[in-house]
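Comments concern the structure below.
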Amino acid sequence: MQMPGMTGVQLLHRIGELSPDTVRMMLTGNADQQTAVEAVNEGHIFRFLNKPCEPEVLALRSSRASSSIVWSEPRKTSLQDARW
């Protein structure tokens, strides 16, 4: 992933350091196998999506990402306390 100053994988890793509970997804038009492996292993992403990505697919993945927060973080919130 090409970005000025750092790669997308470095950005995902940094976000994980600053905000470990943030669900991270990667949407890229430059999807080689090495980038995908690094994104998963170093960026700890929830989903890896290729461009072009259908809006319905992106919406579904985003919805599942937000749902995973409630299910994976019972110590921070319960389903009864979740605010939608």
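The values are calculated or read from the model by the stated rules, or taken from the named source; none is laboratory data. Small disclaimer: the values here were computed from a predicted structure and weren't measured. Please note that ligands, DNA and RNA were not included when accessible areas were found on the heavy atoms of the full protein model with its side chains. Shrake-Rupley method; radii C 1.70, N 1.55, O 1.52, S 1.80 Å.
For Leu79, the criteria (1) modelled with pLDDT of 80 or more; (2) part of a loop (DSSP other than H, G, I, E, B) hold in every case but one, which is (1). Taking the criterion of being at negative phi, open to solvent by 70 Å² or more (accessible area, probe 1.4 Å), outside any strand (DSSP E or B) and at pLDDT 85 or above, would at least one residue in the range 18-34 satisfy it? Checked the range 18-34: at least one residue is at negative phi, open to solvent by 70 Å² or more (accessible area, probe 1.4 Å), outside any strand (DSSP E or B) and at pLDDT 85 or above.
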